[in-house]
Amino acid sequence: MRKFLVILDDSRECLNAMRFAAMRATNTGGGVTILSVIPPDEFNHWIGVADIMREEARERIIVHFEVFAKWMRDRQGIDPELVIREGEAVTEILAQIQEDPDIGVLVLGAGTEKSGPGPLIASMTKQAGFLPIPMTLVPGEMSKERLESIT
């Protein structure tokens with residue numbers, strides 16, 4: 001089964017990437033893996049405090065994931081998989097792609113700020129020529145109706 005890998009973060013455009021991945025998975029008989037990466041700089045504290053902060057970050061991710069997962073199950077009939085990794089986002093995305101041979105497409109949401117589509121897309125496009133799978137960029141301002149019509 002081909003899976004769509006989508007990144008869960010705090011960006012607004014993440015919502016459209018989630019929608020696109022779920023709709024494409026439904027329409028192609030695929031699955032969805034949702035990856036959330038906890039950056040290492042969040043834990044530059046004493047060990048005990050870092051452990052507590054790491055656990056709180058994981059709990060926030062799981063709560064956020066459950067919102068998307070419920071929508072995907074209820075509306076798209078897709079039961080997504082959650083993967084939480086710690087490290088630098090690009091490194092962890094590439095590692096997840098290498099470790100899961102069922103991942104067939106990376107889906108990223110593009111921001112609409114004047115400064116560009118966002119730091120993750122800027123970093124990932126530098127890697128695009130070396131990716132073993134295609135990368136789909138979903139515009140953050142694309143309407144739900146437009147997403148439905150193209151998926």
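Only residues that are aliphatic (A, V, I, L, M) and either in contact with a His (Cβ under 9 Å, 6 or more places away or on another chain) or over 18 Å from Trp71 (Cβ atoms) (or both): list them for segment 135-151, please.
Met135, Leu137, Ile150
So which of Ile78, Ile62, Ile38 ends up being within 23 Å of Ile121 (Cβ to Cβ) and of a type outside the set (Ser, Thr, Tyr)?
Checking each option against the conditions leaves just Ile38.
Going by what's in this entry, would Glu59 be described as of a type in the set (D, E, K, R), open to solvent by 80 Å² or more (accessible area, probe 1.4 Å) and farther than 20 Å from Thr26 by Cα?
Taking the combined requirement at face value, the residue satisfies it.
Do we find a residue being open to solvent by 90 Å² or more (accessible area, probe 1.4 Å) and either basic (Lys, Arg) or free of Cβ contacts under 8 Å to residues at least 24 places away in the same chain (or both) anywhere in segment 82-89?
no
For Glu99, are the conditions met, namely being open to solvent by 20 Å² or more (accessible area, probe 1.4 Å), at pLDDT 95 or above and under 15 Å from Leu8 (Cα atoms)?
no
The values are calculated or read from the model by the stated rules, or taken from the named source; none is laboratory data. Quick caveat: nothing in here was measured; it's all calculated off a predicted structure. When we count neighbours, we look across all protein chains shown, and the Cβ atoms used for this are built from the backbone with ideal geometry, even at glycine. For the accessible areas, the whole protein counts, side chains as well, though only heavy atoms, and no ligand, DNA or RNA atoms are used. Shrake-Rupley method; radii C 1.70, N 1.55, O 1.52, S 1.80 Å.
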